[in-house]
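First the structure, in the form of structure tokens, and then the observations on it.
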Amino acid sequence: MEDRLAILRRVAPFNLLPPEVLNGLTGLLQEVHHSREQLLYQQDATKLRHLDIVVEGAYDTFFLDSQQLKRLPEEYGPGTCYGGMSILLNRKRSLRTVVVRKGTRVLQLPRRDFRALCLAYEPFFHYFTARYGERMLNEEYANFVKAVAPPEQNFLVADQLFSRRINTIEVRELVTCPAQLPIFEAARRMAAAKVSCLFLTDEHTEEIMGYCTDITLRDTVVAQCLDARLPVAEVVATPLVSINRSAFVYEAILRMFQTKTRYLLVEENGRYLGFLSRNKLLSDLAQSPFMFIQAVKLAQSTRELKRRWEMVPDIVNQLLSRGVKADIVNQVITTVADTVARKVIENVLADIGEPPARFVFMVLGSEGRQEQTLLTDQDNAIIYEDKANEQRELVRAYFLRFATAVSDELDHIGLHFCTGGFMAKNPKWTHSLSHWKRNYQQWMSESNPETVMQFATFFDCRYLYGEESLMQELQGFLHQELAQPLDRFLFYMAKNALQYEPPLTFFRNIRTFEQAGQQVFDLKKAMAPIVDLVRVYALRYQIFQTNTGERLARLRELGVFKDKEVQELLQAYYYLMGMRLQKQARQIIQDHTAPTNYLDPRTLTQVEQVTLKEIFKIIGDFQLKIKVSFAKTL
């Protein structure tokens, strides 16, 4: 048989992998020779333990119908591989019946290593899901597959959800009316069109200015005995929330939950094409994690919220096992945590009464970046509006009492207290807007290692509840401050990004330390340089997105990073994130222990170890880039 490396280089999708990975794979392959023709796999019965690469001979594959007749026969000859779609999309069971011809030679890649490649290299993974999607367009093929793969157990449910774009689904037609139309006429128009949402247009510009829903009519008109002859503009709901038709379906659902809207306008080139209904999307995706988020949103008691939060590790484990990308899993965790926190805030406000001033409750750190894991704690703060001197103490006392109640309730549910004290219940982090402005100004002007750490946490801040305009005003102030010369400040921020050295020895082995009797490395610390490095550039170029991926995308738009650099950083960061989430989920579900960030590299496959070493090299290269970029300050 010819050289294994040469074989892999010409077999799709192995030809998409880096050379060093292919070199590592050659030692994992097992050669098998079939000396006679035989039935090898039975459709939906035989569990595949490996991916088969045909080198000589062929596999004859087909479906058997109810009469045991062969349907849709297909030959897998030299240079093809069989089993990928079955492992990923059919619970590891062979999709087809396979008969191997006499004299066939194959190379077998263990299932675990195959799945590791899928998680590490997105183009490799999507080669199989794309082929599966193409074949599912064949009605006969789809009929056999549907019969053997219930949706709730199929990898494809998640893959369709997280790879499908809005432009592939039917959007609902916009039904509009002038904002000056009487309420009762608007209701008649809704009834005639059989819609639950009517979009209102400005009488002069004819642009959409808001919407009216059946719930609006019930709660605002009927329940309050409002005169139905008034203009429907009197009950208009805002703001309008829209999304581009090229966005993913999961992005639409997440945006609906994050903005608490039931209807989402779909736009392209500044023109509205139609709208999406949250209920319709969720009913179409009944097996998706978003139904779980909806259940959290509808929870009535602290006990129910606690029970729902305890279910999150199972949701995470299911998503990761289906191959859902780590950044999406982060968003699901964050959305659940946000939903829980909002419910708690609303309950506390109902208990202690209306606040004496406008305020905003913001989240920080990993939650602020929408990059939460299962080892998460509270990171939050409160900004409230400035009041007259005689009211200041009263206002402050209220918000500290409010913050303590919220934090205590979150801790009871399972979102535990921050060990570093970055919580609104800490008097240091609940202040008036003017006080917060002074905080940021001091951190930047009197920079030292401690203040830089505080600023890093509070630069990764995100609105959660209350008056968003207060946070926008603070960001406007920050924008002005960042325009000033800040060499000393950037020096310490850059230095912070260089504190952690990638754990590679001189001989390119993974450096470990002892923890609880194991030799491990810290996944969180391994990821930190990427977060820190990207944050420094975000500050330099005044990018106010908090998510690491979004910051990188903006830096690419500005020409700071090249496409290849961004792709490498994103792949490195989210590969480590996926590994971290998977380990934490297993610790909670299988080991019944508290999750950690420590990982023993000896538990990894050879593919995973090779990938990790490449990632650590990428991180080292980017740390070198920051040294060069900030040479004047360093």
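The values are calculated or read from the model by the stated rules, or taken from the named source; none is laboratory data. Only a predicted model underlies this, so the values are computations on that prediction, with no experimental measurement involved. Don't worry about glycine lacking a Cβ; one is built from the backbone with ideal geometry, like all the others, and counts go over all protein chains shown.
Which residues, taken from segment 69-90, are part of a loop (DSSP other than H, G, I, E, B) and without any contact (Cβ under 8 Å) to a residue 40 or more places away in the chain? Show your work before the answer.
Just the residues of segment 69-90 that are part of a loop (DSSP other than H, G, I, E, B), to begin with: 69, 77-79, 83, 90.
69, 77, 78, 83 - these are the residues of segment 69-90 that are part of a loop (DSSP other than H, G, I, E, B) and without any contact (Cβ under 8 Å) to a residue 40 or more places away in the chain.
What number of residues within segment 386-403 satisfy the criterion of being among the acidic types (Asp, Glu) and in contact with a helix residue (DSSP H, G or I) (Cβ under 6 Å, 6 or more places away or on another chain)?
Of segment 386-403, the ones among the acidic types (Asp, Glu) are 386, 390, 393.
Imposing the further condition that a residue be in contact with a helix residue (DSSP H, G or I) (Cβ under 6 Å, 6 or more places away or on another chain) reduces the set to 386.
The total comes to 1.
Do any residues in segment 130-152 that are part of a helix (DSSP H, G or I) have Cβ atoms under 6 Å from those of residues that are modelled with pLDDT under 60, where the two are at least six apart or on different chains, and which pairs are they?
151/157; 151/287; 152/287
Taking segment 574-631 on its own, how many of its residues are outside any helix (DSSP H, G or I) and within 25 Å of residue 561 (Cα to Cα)? Lay out the reasoning, then the answer.
Step one: list which residues in segment 574-631 are outside any helix (DSSP H, G or I), which gives 592-600, 604-605, 630-631.
Now drop any that are not within 25 Å of residue 561 (Cα to Cα), which leaves 630-631.
Adding up the residues that qualify gives 2.
Answer yes if at least one residue in segment 23-42 is in the same structural domain as residue 108 (by TED's automatic domain parsing), free of Cβ contacts under 8 Å to residues at least 40 places away in the same chain and of a type in the set (Val, Ile, Thr), and no otherwise. Don't jump to the end; show me each part of the working.
The initial filter retains those residues of segment 23-42 that are in the same structural domain as residue 108 (by TED's automatic domain parsing), namely 23-42.
Adding the requirement that they be free of Cβ contacts under 8 Å to residues at least 40 places away in the same chain leaves 23, 26.
Checking which are of a type in the set (Val, Ile, Thr) leaves us with 26.
Yes, that holds for at least one residue.
Name the residues in segment 443-473 that are assigned to a helix (DSSP H, G or I) and surrounded by fewer than 17 Cβ atoms within 10 Å (Cβ to Cβ), would you? Walk me through how you get there before you give the answer.
Start the filter on segment 443-473 by keeping residues that are assigned to a helix (DSSP H, G or I), which leaves 443-445, 449-459, 468-473.
Within segment 443-473, 445, 449, 450, 453, 468, 469, 472 meet the criteria.
Each row is one residue, and each column tells you yes or no for (1) closer than 21 Å to residue 546 by Cα; (2) out of contact with any Pro (no Cβ under 9 Å at 6 or more places or on another chain); (3) touching a residue at least 24 places away in the same chain (Cβ under 8 Å); (4) of a type in the set (Lys, Arg).
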{"position": "471", "(1), (2), (3), (4)": "yes, yes, yes, no"}
{"position": "474", "(1), (2), (3), (4)": "yes, yes, yes, no"}
{"position": "485", "(1), (2), (3), (4)": "no, yes, no, no"}
{"position": "493", "(1), (2), (3), (4)": "yes, yes, yes, no"}
{"position": "500", "(1), (2), (3), (4)": "no, no, yes, no"}
{"position": "505", "(1), (2), (3), (4)": "no, yes, no, no"}
{"position": "512", "(1), (2), (3), (4)": "no, no, yes, no"}
{"position": "522", "(1), (2), (3), (4)": "no, no, yes, no"}
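Which of (1) in contact (Cβ under 8 Å) with a residue 24 or more places away in the chain; (2) more than 30 Å from residue 615 (Cα to Cα); (3) out of contact with any Ser or Thr (no Cβ under 7 Å at 6 or more places or on another chain); (4) aliphatic (A, V, I, L, M) does residue 98 not meet, given it meets every other one?
Result: residue 98 fails condition (3) only.
Just to be sure I understand the filter: pairs with C-beta atoms under 6 Å, separated by 6 or more residues or on different chains, first member in segment 374-399 and outside the structural domain of residue 348 (by TED's automatic domain parsing), second member surrounded by 13 or more Cβ atoms within 10 Å (Cβ to Cβ) and at pLDDT below 90. Which pairs pass?
none
Can you work out which of the residues in segment 367-399 that are out of contact with any strand residue (DSSP E or B) (no Cβ under 9 Å at 6 or more places or on another chain) and under 30 Å from residue 548 (Cα atoms) is surrounded by the fewest Cβ atoms within 10 Å (Cβ to Cβ)?
The selected residue is 375.
Just a yes or no: is a residue in segment 159-166 surrounded by fewer than 19 Cβ atoms within 10 Å (Cβ to Cβ) and in a loop (DSSP other than H, G, I, E, B)?
Within segment 159-166 (the criterion being surrounded by fewer than 19 Cβ atoms within 10 Å (Cβ to Cβ) and in a loop (DSSP other than H, G, I, E, B)), the answer is yes, since at least one residue qualifies.
Among the numbered conditions (1) in contact with a Phe, Trp or Tyr (Cβ under 9 Å, 6 or more places away or on another chain); (2) within 23 Å of residue 122 (Cα to Cα); (3) of a type in the set (D, E, K, R), tell me where residue 540 comes up short.
With (1) in contact with a Phe, Trp or Tyr (Cβ under 9 Å, 6 or more places away or on another chain); (2) within 23 Å of residue 122 (Cα to Cα); (3) of a type in the set (D, E, K, R) applied to residue 540, the lone miss is (2).
Report whether or not residue 407 is closer than 30 Å to residue 486 by Cα, buried (at least 19 other Cβ atoms within 10 Å of the Cβ) and free of Cβ contacts under 8 Å to residues at least 60 places away in the same chain.
On the way: closer than 30 Å to residue 486 by Cα: no; buried (at least 19 other Cβ atoms within 10 Å of the Cβ): yes; free of Cβ contacts under 8 Å to residues at least 60 places away in the same chain: yes.
So residue 407 fails the test.
If you check 456, 538, 526, which single one turns out to be of a type in the set (A, V, I, L, M), in the same structural domain as residue 348 (by TED's automatic domain parsing) and under 23 Å from the mean Cα position of the chain (by Cα)?
Details: 538 fails: in the same structural domain as residue 348 (by TED's automatic domain parsing); 526 fails: in the same structural domain as residue 348 (by TED's automatic domain parsing).
One residue alone meets the criteria, 456.
Report yes if some residue within segment 544-560 is farther than 27 Å from residue 334 by Cα and hydrophobic (A, V, I, L, M, F, W, C); otherwise report no. Reasoning before the result, please.
Keep residues of segment 544-560 that are farther than 27 Å from residue 334 by Cα, which gives 558-560.
From what's left, hydrophobic (A, V, I, L, M, F, W, C): 558, 560.
Taking every residue of segment 544-560 in turn, at least one turns out to be farther than 27 Å from residue 334 by Cα and hydrophobic (A, V, I, L, M, F, W, C).
If a residue must be among the aliphatic types (A, V, I, L, M) and at positive phi, how many such residues does segment 509-543 contain? Steps first, answer last, please.
Our first condition is that a residue be among the aliphatic types (A, V, I, L, M); within segment 509-543, this holds for 510, 516, 520, 523, 526-528, 530-531, 533-534, 536, 538-539, 543.
Among the residues that remain, those that are also at positive phi are: 516.
Qualifying residue count for the region: 1.
Give segment 419-466 a look and list any residue that's touching a strand residue (DSSP E or B) at 6+ places or on another chain (Cβ under 9 Å) and among the hydrophobic types (A, V, I, L, M, F, W, C), or say none.
Across segment 419-466, the qualifying residues are 422, 423, 424, 429, 433, 436, 458, 461, 464.
Looking only at residues in segment 216-268 that are among the acidic types (Asp, Glu) and farther than 28 Å from residue 362 by Cα, which one is surrounded by the most Cβ atoms within 10 Å (Cβ to Cβ)? Steps first, answer last, please.
Going through segment 216-268, the residues among the acidic types (Asp, Glu) turn out to be 219, 227, 234, 251, 267-268.
In the following step, the residues that additionally are farther than 28 Å from residue 362 by Cα were identified as 219, 227, 234, 267-268.
Values: 219: 12, 227: 10, 234: 14, 267: 16, 268: 12.
Among them, the one singled out is 267.
Name the residues in segment 12-68 that are farther than 29 Å from residue 143 by Cβ and assigned to a loop (DSSP other than H, G, I, E, B), would you?
17, 18, 27, 28, 29, 35, 36, 57
Considering only residues that are among the acidic types (Asp, Glu) and modelled with pLDDT of 95 or more, look in segment 38-67 and name the one that is surrounded by the most Cβ atoms within 10 Å (Cβ to Cβ).
The extreme case among them is 52.
Out of segment 181-212, which residues are at pLDDT below 90 and either among the polar types (S, T, N, Q) or in contact with a Gly (Cβ under 7 Å, 6 or more places away or on another chain) (or both)?
196, 205 - these are the residues of segment 181-212 that are at pLDDT below 90 and either among the polar types (S, T, N, Q) or in contact with a Gly (Cβ under 7 Å, 6 or more places away or on another chain) (or both).
Yes/no matrix, rows are residues, columns are (1) within 24 Å of the chain's Cα centre (by Cα); (2) surrounded by fewer than 17 Cβ atoms within 10 Å (Cβ to Cβ); (3) farther than 30 Å from residue 312 by Cβ:
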site: 591; (1), (2), (3): no, yes, no
site: 596; (1), (2), (3): yes, no, no
site: 602; (1), (2), (3): no, yes, no
site: 613; (1), (2), (3): no, no, yes
site: 619; (1), (2), (3): yes, no, no
site: 623; (1), (2), (3): no, no, yes
site: 627; (1), (2), (3): no, yes, yes
